[in-house]
Every structure is written in C-alpha cells, then in structure tokens.
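Heads up, the thing below is written out as structure tokens.
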Amino acid sequence: MSLYRAETRRLFKRRFTKLFLLGAVVVLAAVAVSTFLTNESVGPEQIAAAKAEAQAQFERDTQQVEKDRASCEAAKGTAQANQWPPDCAQLTAPRLENYDYEWYMPPTFIFRESFPDMATTLAALLALAAFIIGASFVGAEWNSGGMMNLLLWRPQRLRVLGTKLLTLLLTFTAITVVLSALWTGAFYLLAEARGSTDSMTPGAWQSIGLMELRGLALVLVAGAVGFGLASLGRHTAMALGVTVGALIVFQFGLGAVLQLAKVQFVDAFLIPAWLIAWMDKEITLEDYNSCDFSSVNGCQPETLTLTWTMAGSLLAGLFVVVVGAAMWTMRSRDIT
Amino acid sequence: MTAVLEIVGLRKTYRSRKGTRKALDGFDMTVDAGQVHGFLGPNGSGKTTTLRTLLGLIKPNGGRMAIFGKEVPRHLAETAGLVGAIVESPQFFGNFSAQDTLSLLADAGNVRRQRVTEVLELVGLRDRGKERVKTYSLGMKQRLAVASALLKEPKLLILDEPANGLDPGGIREMRSLMRNLAASGMTVVLSSHILGEIQLICDEVTIIAAGRRVASGSVASVLATAGGGKVRVRLEPGVDTRGAVELLRANGAQVTVEPDHFTVGNAGNPAQITRILAERQIYVSELSPVSADLESVFLELTGTAPVEGQNRQVDQTAAVGGWGQ
Ligand SMILES: Nc1ncnc2c1ncn2[C@@H]1O[C@H](COP(=O)(O)OP(=O)(O)O)[C@@H](O)[C@H]1O
Ligand SMILES: [Mg+2]
C-alpha cells in the first residue's frame with residue numbers, strides 16, 4: 001500500500017506525465033471546438049434550402065445537357081464531330097431522383113451517428129499517451145538508477161515492478177473514465193446545440209458505453225505494453241524504438257511485400273484494421289481481385305470479417321506476452 | 001561477538017556475449033557488530049560485485065551469505081529494513097529534488113517523512129535539498145546517496161566508495177559522521193581504495209584481490225603480518241654490498257637498494273637472509289623490520305605495486321607469495 005502511494009506520487013511528480021496529459025487534453029479540446037464550429041443544427045429552414053439547392057442544381061444540369069445535345073447535332077459532319085458521341089441521344093438528361101437534398105445539407109452533428117468516431121478518437125489519443133507515459137515511467141527509473149535504489153529498499157522485485165504497473169493502470173483507468181464521461185457529455189451538449197440527439201434509445205446508449213469500455217481496454221493494453229517494453233529494455237527509448245520499428249516493419253514493409261505477393265486480405269495483417277475491428281465491433285475486408293459468382297448478385301468480392309473478439313484476443317495476447325516477459329526478466333536479471 | 005555480516009565462498013561469474021568473467025572466486029568476509037569495517041581492493045577486484053550480491057541485485061553462482069544471522073537472499077525482505085546501502089556511484093532521477101527523492105523512498109519504505117529533513121541536515125544538504133539533483137555536483141550526489149542510506153535508521157550501513165568526489169572537508173565530515181554512527185551502535189562497511197581513510201577510521205579490514213580474500217583482521221594485525229615481511233639490512237662498512245644484493249636476488253628476494261643499506265620486501269623469515277649471506281662470509285650489522293603503512297601492505301597483498309617500465313593493466317596482479325617462508 002505504501003509502495004502504491006509512493007508510486008502514484010512519483011507518477012504525478014514527473015513533468016513528463018503532466019506535459020503529456022496536458023497535451024492530450026489540449027488536442028481533445030481542439031477536436032471538440034472545431035467540431036462545434038464546423039457543424040450547425042438543421043431545422044425545416046435548412047431542409048427547405050437544401051431542397052431548393054438540389055432542385056436548382058438539377059435544373060442547371062438539365063439545361064447543360066440540352067445545350068450539349070444541340071452542339072452535338074450541330075457538329076455532325078463537321079471537323080468537331082469527333083468531340084461528340086456518334087449518337088447524340090447518348091447524352092441523357094439527369095433525373096430528379098438522383099438529386100438527394102441531403103447532399104446539400106450543411107454538416108450537422110447527429111450524436112448517434114457521429115459520436116462513435118469521437119469515442120474512437122479519444123481512445124486512440126489516450127492509448128498513445130498511456131503508451132508513452134507508461135514507457136517513460138519505468139524507463140526513466142531503470143535508466144537513472146532509481147529502480148536499483150528502490151530495490152535496495154524493497155527487495156521484492158516482482159512486487160516493485162507489479163506495483164508500478166498497477167499504479168500506471170489504475171491511474172489511466174481513472175483518467176480514461178473521467179475523460180470519457182466529460183467527452184460524452186461535451187458531445188451530447190454539442191449535438192443539442194449543433195445537431196441532434198434524436199433516437200438515443202437505451203440500446204444506443206448501451207452500445208456507446210460498451211464502446212467506451214473497449215476504448216478503456218485499449219488504453220490499458222497500450223500503457224502496459226509501453227511499460228513492459230521499456231522495462232525489458234531498461235530504457236524509455238527502447239519501447240518507442242521497438243514500436244516505431246514494428247510499425248515500419250509491419251505497416252509499411254510487410255504491407256508492401258504482401259501486396260506484391262498478392263496475398264489475400266493484406267489489411268488483415270496491418271494494425272488499423274484490427275483497431276477498427278476492436279472499436280467498431282467488426283470490420284469487413286473485401287478482396288476486389290476475387291469473384292464470388294452468384295446468379296443473383298453477379299460477381300461479388302470475397303470478404304473477410306474481423307470481429308472484436310478476434311481483435312480482443314490479439315490485444316490480450318499482446319498484453320500477456322509483453323508483461324509476462326517483463327516480469328520474467330525482472331525476476332531473474334542481474335541489476336548492475 | 002556476533003557476526004552482522006557473513007560471507008562464505010561467494011562465487012560470481014558474469015556471462016555476456018563477449019564471454020564469461022569470474023568476478024568472485026570463493027570470497028569470504030566476516031563483519032562483527034559495532035565495527036567500522038574497511039573493504040579494500042584494487043579496481044575490478046570484486047568489491048561492488050560482492051555488495052550487489054549481498055543486497056540481492058545480482059545472483060551469485062555459489063556460496064553462502066547471511067545478514068544478522070539470516071540467510072540472504074532468501075530472507076532479504078526481512079533484513080532490508082535493517083540495511084542501508086549505496087552501491088557504486090550514486091544515481092538518482094535528475095529532475096527530482098533531493099527532498100522529493102528521499103520522501104518517495106521514505107513513502108515506499110514506510111519511514112516517517114520527518115526523517116527526510118533530519119538526514120538532509122546530517123549530510124549537509126539542508127539548504128540545497130529543494131534543488132533538482134541534476135544540478136548537483138558529484139560530491140553533493142554522494143552526500144544525497146549517504147542520506148538515502150541513512151534514511152531508514154539502519155543497523156548495518158554499507159557504503160561503496162563513499163569518499164568518491166568528496167572534497168577534503170567532505171571526507172573529514174564523512175569520517176566523523178561514520179565514527180558517530182559506529183559509536184551509536186551502527187555497523188558500517190566501507191569499501192574504498194583510499195587507504196589513508198581506511199587506516200584512520202576502520203577497526204578491521206578485509207582486503208580483496210581478483211575475487212578472493214587476501215587478508216583480514218584488525219588494521220594493526222594486517223599491518224603486522226603483511227608488513228612483517230619487510231626488513232632493513234645494513235652490512236658492515238666496506239663489504240661488497242652489490243655482491244650481497246645479487247646473491248639475495250638470485251635466491252628470489254625483492255631487494256631495494258638505498259644509499260647506505262637495502263631493504264628486502266618479501267622476507268617472511270629474516271633468518272634466511274643472515275644464513276644466505278653468512279654462507280659467503282658476509283655479515284650483517286643491522287637487520288630490522290620496517291613498519292609498513294597500509295598502502296604498501298595493500299600493494300603487496302594485492303600484487304598491484306607499480307613495476308618500473310610496465311603499464312599495469314586492471315585485473316593484472318603479480319604472483320603473490322612470500323619468499324623464504
Ligand atoms: N555487469 C557486468 N558484466 C560483466 N562483467 C562485470 C560486470 N560488472 C562487473 N564486472 C567485472 O567484474 C569484475 C569486478 O568488478 P567490480 O565488482 O565492479 O569491481 P570493484 O568494485 O572492486 O572495482 C571486473 O573485472 C568487472 O569488469
Ligand atoms: Mg566498485
């Protein structure tokens with residue numbers, strides 16, 4: 001308990017922690033403010049305007065086609081004829097049902113549709129902060145010799161490292177819960193002012209709550225992995241280096257190689273697909289080079305669906321491997 | 001007397017990609033309660049390795065260690081509260097102040113915060129305690145390290161080269177601090193290569209060379225046994241001194257020639273000298289033991305005395321052994 005208290009104090013005494021959390025909050029505020037500014041609420045007035053705009057566009061396009069048809073007829077037999085199709089009837093007039101007024105509506109923030117992306121944004125940003133703060137929290141301790149000092153006081157190695165990790169995870173749980181609540185509240189208000197909160201049924205709220213929970217899990221795994229890697233390498237830069245290396249190798253190198261090799265569903269080997277699968281519950285990848293023929297639908301691309309359970313197992317596996325390795329080396333390594 | 005610290009047959013081999021290095025090779029050490037105990041050895045002889053192993057930072061390959069009669073590292077958690085230690089050059093997180101560093105340690109070890117102020121005062125950092133450690137000089141960091149070791153009011157204080165980086169005033173203060181601590185019942189183990197220091201404040205010493213104990217006991221007894229080997233020899237006037245020296249050297253003696261006499265450095269048994277010389281009808285007029293200081297004893301025991309025309313490398317020790325014993 002005393003160790004946990006000391007570690008919490010240490011975490012918040014560090015300027016690095018304060019700076020990064022402040023940075024995250026500033027970025028979040030910027031996202032919220034710009035969303036507020038670029039959206040507006042829509043009522044009958046805006047709908048009428050959008051409908052008028054759609055109608056006007058339709059009329060402009062109809063006139064243009066008629067003019068073109070006339071030019072086409074006139075050009076027949078002259079040198080300009082090759083600029084037009086041989087049969088001028090191919091220039092068909094636009095149809096009104098193709099001019100949906102919704103395309104002419106100003107951007108508006110529909111909470112139910114738009115908030116999930118915002119929840120993902122929050123989770124991704126906090127995950128990044130957790131990773132870096134987690135790495136630096138233990139990396140700087142190793143690097144500065146503080147870890148050795150602490151072990152002279154508390155010679156239980158696993159307990160010391162475990163308490164540090166626990167401190168980090170509990171702290172980020174609290175931060176994520178508080179920020180998620182604020183974030184949800186802020187966008188709910190924003191939707192009331194610059195959009196709508198219609199159709200927020202209990203079911204819709206539940207799915208948003210579950211999504212935020214998955215976001216929390218993402219934040220915690222990111223923090224633990226940053227912590228574990230930095231502890232393994234006994235340096236903050238180790239975690240960052242490994243991650244940048246992994247990103248380059250997987251995201252760019254492996255992606256390119258697989259693409260060249262024409263491997264099916266390349267995206268399934270890359271990180272973003274899994275992140276989306278985790279946050280949005282599933283992602284469907286399509287292979288446009290394939291043809292799954294059916295007499296009804298014609299040629300359909302083959303699909304692969306990644307579900308949140310698959311992504312969750314991957315996250316859990318990553319957590320277990322990295323934290324397990326960090327604990328294992330902590331138990332047996334010589335501290336010099 | 002009860003042994004506060006007991007090490008028997010400690011072995012440690014470092015393994016790395018570049019190969020293995022035997023740092024400790026059956027090292028023994030005993031420290032009794034209430035002593036200031038000097039732990040002497042040349043660079044790379046295994047002092048820090050010994051202390052690290054004792055404190056559970058590295059795993060030994062063999063041997064037995066006990067602190068206050070409790071086997072370590074198995075009972076380290078129980079003894080940790082009684083042992084204050086600094087190992088090697090002190091290292092702290094540079095962006096925290098001394099005050100923060102110590103109060104975090106105090107929290108982690110359930111020590112009352114008031115103690116932080118006390119130890120800062122004790123090591124002379126009271127007025128600088130709020131500054132970041134990054135801005136400290138080496139000596140100030142060393143003082144902070146001692147403060148952190150004293151924080152939990154230990155019964156056994158282990159300091160690895162605490163005089164490193166201290167100014168003469170600081171060394172003297174450290175010396176009187178240690179005397180006071182020992183007087184208050186604390187046992188202090190002090191690793192150092194500054195021999196004058198050890199001679200001044202230590203009750204007993206252990207000397208280590210190449211991972212093995214080469215001498216131990218009270219300073220006086222170590223001086224007597226080791227220094228007893230050095231004798232001054234004066235011959236009758238007019239005798240061929242050079243011939244006598246060559247004769248002794250041929251028999252393996254380490255002879256240093258002075259203007260009117262010579263000294264034999266490794267004479268375990270001075271009678272040998274008279275016997276060898278007398279066989280050639282050379283008679284000595286004076287044969288007296290030279291009282292050695294700790295430094296020459298150290299150099300002799302650890303085999304690290306400089307040899308003219310050679311650059312001694314670390315880990316290089318001359319074959320140690322008496323002559324004529
Ligand atoms: N981490 C390490 N890896 C490999 N060899 C080491 C390590 N630490 C110390 N050594 C070696 O062990 C020997 C003893 O070192 P050390 O105990 O630090 O000596 P001292 O403190 O007496 O100067 C030296 O030869 C040193 O090079
Ligand atoms: Mg050393």
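Output the number of residues of segment B:67-96 satisfying the condition of being of a type outside the set (Asp, Glu) and more than 26 Å from residue B:178 (Cβ to Cβ).
Looking only at segment B:67-96, we keep the residues that are of a type outside the set (Asp, Glu), and these are B:67-70, B:72-77, B:79-87, B:89-96.
Of the ones still in play, those that are also more than 26 Å from residue B:178 (Cβ to Cβ) are B:73-75, B:77, B:93-96.
Within segment B:67-96, residues that are of a type outside the set (Asp, Glu) and more than 26 Å from residue B:178 (Cβ to Cβ) number 8.
Check off (1) within 16 Å of ligand 2 (Cβ to nearest atom); (2) in contact with a strand residue (DSSP E or B) (Cβ under 9 Å, 6 or more places away or on another chain) for residue A:335 and give me the number that stays unchecked.
(2)
Going through A:141, A:212, A:192 one at a time, which residue ends up being buried (at least 19 other Cβ atoms within 10 Å of the Cβ), more than 30 Å from residue B:83 (Cα to Cα) and of a type in the set (D, E, K, R)? Can you show your working first?
On the way: A:141 fails: more than 30 Å from residue B:83 (Cα to Cα); A:192 fails: buried (at least 19 other Cβ atoms within 10 Å of the Cβ).
So the residue among A:141, A:212, A:192 that is buried (at least 19 other Cβ atoms within 10 Å of the Cβ), more than 30 Å from residue B:83 (Cα to Cα) and of a type in the set (D, E, K, R) is A:212.
Could you list all residues from segment B:87-106 that are out of contact with any strand residue (DSSP E or B) (no Cβ under 6 Å at 6 or more places or on another chain) and among the aliphatic types (A, V, I, L, M)?
Residues satisfying the conditions are B:98, B:102, B:104, B:105, B:106.
Give segment B:87-125 a look and list any residue that's more than 9 Å from every other protein chain (Cβ to nearest Cβ), open to solvent by 20 Å² or more (accessible area, probe 1.4 Å) and not in a loop (DSSP other than H, G, I, E, B), or say none.
Once the filter is applied, which keeps residues that are more than 9 Å from every other protein chain (Cβ to nearest Cβ), open to solvent by 20 Å² or more (accessible area, probe 1.4 Å) and not in a loop (DSSP other than H, G, I, E, B), segment B:87-125 yields B:99, B:114, B:115, B:117, B:118, B:121, B:122.
So, in segment A:319-336, of the ones that are within 14 Å of chain B (Cβ to nearest Cβ) and surrounded by 14 or more Cβ atoms within 10 Å (Cβ to Cβ), which residue ends up farthest from ligand 1 (Cβ to nearest atom)?
A:330
Would you please name the residue that is farthest from the other protein chains (Cβ to nearest Cβ), looking only at residues in segment A:156-174 that are farther than 15 Å from residue A:21 by Cα and of a type in the set (S, T, N, Q)?
Among them, the one singled out is A:167.
So which of A:177, A:219 is at pLDDT 95 or above, under 23 Å from residue A:308 (Cα atoms) and either open to solvent by 30 Å² or more (accessible area, probe 1.4 Å) or within 14 Å of another protein chain (Cβ to nearest Cβ) (or both)? Spell out the reasoning first.
Numbers: A:219 fails: either open to solvent by 30 Å² or more (accessible area, probe 1.4 Å) or within 14 Å of another protein chain (Cβ to nearest Cβ) (or both).
A:177 is the lone residue from the list that is at pLDDT 95 or above, under 23 Å from residue A:308 (Cα atoms) and either open to solvent by 30 Å² or more (accessible area, probe 1.4 Å) or within 14 Å of another protein chain (Cβ to nearest Cβ) (or both).
With respect to residue A:276, determine if the residue is hydrophobic (A, V, I, L, M, F, W, C), away from chain B (no Cβ under 14 Å), surrounded by 12 or more Cβ atoms within 10 Å (Cβ to Cβ) and part of a strand (DSSP E or B).
Numbers: hydrophobic (A, V, I, L, M, F, W, C): yes; away from chain B (no Cβ under 14 Å): yes; surrounded by 12 or more Cβ atoms within 10 Å (Cβ to Cβ): yes; part of a strand (DSSP E or B): no.
For residue A:276, the condition - hydrophobic (A, V, I, L, M, F, W, C), away from chain B (no Cβ under 14 Å), surrounded by 12 or more Cβ atoms within 10 Å (Cβ to Cβ) and part of a strand (DSSP E or B) - is not met.
Check off (1) more than 21 Å from residue B:145 (Cα to Cα); (2) open to solvent by less than 20 Å² (accessible area, probe 1.4 Å); (3) away from ligand 2 (no atom under 14 Å from the Cβ) for residue B:78 and give me the number that stays unchecked.
Of the numbered conditions (1) more than 21 Å from residue B:145 (Cα to Cα); (2) open to solvent by less than 20 Å² (accessible area, probe 1.4 Å); (3) away from ligand 2 (no atom under 14 Å from the Cβ), the odd one out for residue B:78 is (2).
Just a yes or no: is a residue in segment B:167-183 within 15 Å of ligand 2 (Cβ to nearest atom), in the same structural domain as residue B:80 (by TED's automatic domain parsing) and either touching a Cys at 6+ places or on another chain (Cβ under 7 Å) or not aliphatic (A, V, I, L, M) (or both)?
First pass over segment B:167-183, keeping only residues within 15 Å of ligand 2 (Cβ to nearest atom): none.
No, that holds for no residue.
If we keep just the residues of segment B:76-86 that are touching a strand residue (DSSP E or B) at 6+ places or on another chain (Cβ under 8 Å) and more than 7 Å from every other protein chain (Cβ to nearest Cβ), which is nearest to residue B:136 (Cα to Cα)?
B:86
Taking segment B:205-227 as the search range and keeping residues that are in a strand (DSSP E or B) and farther than 21 Å from residue B:289 by Cβ, which one is nearest to ligand 1 (Cβ to nearest atom)? Outline the logic, then answer.
Initially, segment B:205-227 is screened for residues in a strand (DSSP E or B), giving B:205-209, B:212-218.
From what is left, the residues that are farther than 21 Å from residue B:289 by Cβ are B:206, B:208-209, B:212-213, B:216.
Working: B:206: 12, B:208: 7, B:209: 10, B:212: 12, B:213: 13, B:216: 16 Å.
Here the residue is B:208.
Could you list, in sequence order, all residues of segment B:13-43 that are surrounded by 17 or more Cβ atoms within 10 Å (Cβ to Cβ), of a type outside the set (A, V, I, L, M) and either closer than 24 Å to residue A:157 by Cα or within 8 Å of ligand 1 (Cβ to nearest atom) (or both)?
Answer for segment B:13-43, where residues must be surrounded by 17 or more Cβ atoms within 10 Å (Cβ to Cβ), of a type outside the set (A, V, I, L, M) and either closer than 24 Å to residue A:157 by Cα or within 8 Å of ligand 1 (Cβ to nearest atom) (or both): B:41, B:42.
Restricting to segment B:177-192, name every residue that is within 17 Å of the chain's Cα centre (by Cα) and either within 16 Å of ligand 1 (Cβ to nearest atom) or aliphatic (A, V, I, L, M) (or both).
If the condition is that a residue be within 17 Å of the chain's Cα centre (by Cα) and either within 16 Å of ligand 1 (Cβ to nearest atom) or aliphatic (A, V, I, L, M) (or both), then B:178, B:188, B:189, B:190, B:191, B:192 are the ones that fit.
Restricting attention to segment B:47-75, which residues are within 8 Å of chain A (Cβ to nearest Cβ), away from ligand 2 (no atom under 16 Å from the Cβ) and more than 29 Å from residue B:113 (Cβ to Cβ)?
B:59, B:73, listed by residue number.
So residue B:246 clears everything in (1) open to solvent by 10 Å² or more (accessible area, probe 1.4 Å); (2) among the acidic types (Asp, Glu); (3) closer than 29 Å to residue B:88 by Cα except one condition, right? Which one?
Failing condition for residue B:246: (3).
Condition check: closer than 20 Å to residue A:123 by Cα and more than 14 Å from chain B (Cβ to nearest Cβ). Does residue A:22 satisfy that?
Working: closer than 20 Å to residue A:123 by Cα: yes; more than 14 Å from chain B (Cβ to nearest Cβ): yes.
Yes, satisfied.
State which residue is farthest from ligand 1 (Cβ to nearest atom) when the search covers only segment B:47-64 and only residues that are of a type in the set (A, V, I, L, M, F, W, C) and outside any loop (DSSP other than H, G, I, E, B).
So the first thing to find is which residues in segment B:47-64 are of a type in the set (A, V, I, L, M, F, W, C), and the list is B:51, B:54-55, B:57-58.
Subsequent filtering for residues that are outside any loop (DSSP other than H, G, I, E, B) retains B:51, B:54.
Values: B:51: 8, B:54: 12 Å.
Applying the filter and picking the extreme gives B:54.
Hey, among the residues in segment A:71-109 that are aliphatic (A, V, I, L, M) and in contact with a helix residue (DSSP H, G or I) (Cβ under 7 Å, 6 or more places away or on another chain), which one's least open to solvent (accessible area, probe 1.4 Å)? Reasoning before the result, please.
The first filter runs over segment A:71-109 and keeps only residues aliphatic (A, V, I, L, M), leaving A:74-75, A:79, A:81, A:89, A:91, A:93, A:96, A:105.
In the following step, the residues that additionally are in contact with a helix residue (DSSP H, G or I) (Cβ under 7 Å, 6 or more places away or on another chain) were identified as A:75, A:81, A:91, A:93, A:96, A:105.
Values: A:75: 10, A:81: 39, A:91: 42, A:93: 52, A:96: 82, A:105: 48 Å².
For segment A:71-109, the residue satisfying everything is A:75.
For segment B:234-256, state whether one or more residues are basic (Lys, Arg) and outside any strand (DSSP E or B). Walk me through how you get there before you give the answer.
Within segment B:234-256, the subset basic (Lys, Arg) is B:234, B:242, B:249.
Filter once more, keeping what is outside any strand (DSSP E or B): B:242, B:249.
There is at least one residue in segment B:234-256 that is basic (Lys, Arg) and outside any strand (DSSP E or B).
Determine which single condition residue B:178 fails, assuming it passes every other condition in (1) in a helix (DSSP H, G or I); (2) of a type outside the set (Ser, Thr, Tyr); (3) open to solvent by 20 Å² or more (accessible area, probe 1.4 Å).
In the conditions (1) in a helix (DSSP H, G or I); (2) of a type outside the set (Ser, Thr, Tyr); (3) open to solvent by 20 Å² or more (accessible area, probe 1.4 Å), residue B:178 misses (3) alone.
Go through (1) closer than 23 Å to residue B:118 by Cα; (2) within 16 Å of ligand 2 (Cβ to nearest atom); (3) hydrophobic (A, V, I, L, M, F, W, C) for residue B:150 and report which single condition fails.
(2)
The values are calculated or read from the model by the stated rules, or taken from the named source; none is laboratory data. Only a predicted model underlies this, so the values are computations on that prediction, with no experimental measurement involved. We place every Cβ from the backbone using ideal geometry, glycine too, and count neighbours over all the protein chains shown. Only protein heavy atoms, including side chains, enter the accessible area calculation; ligands, DNA and RNA are left aside. Shrake-Rupley method; radii C 1.70, N 1.55, O 1.52, S 1.80 Å.
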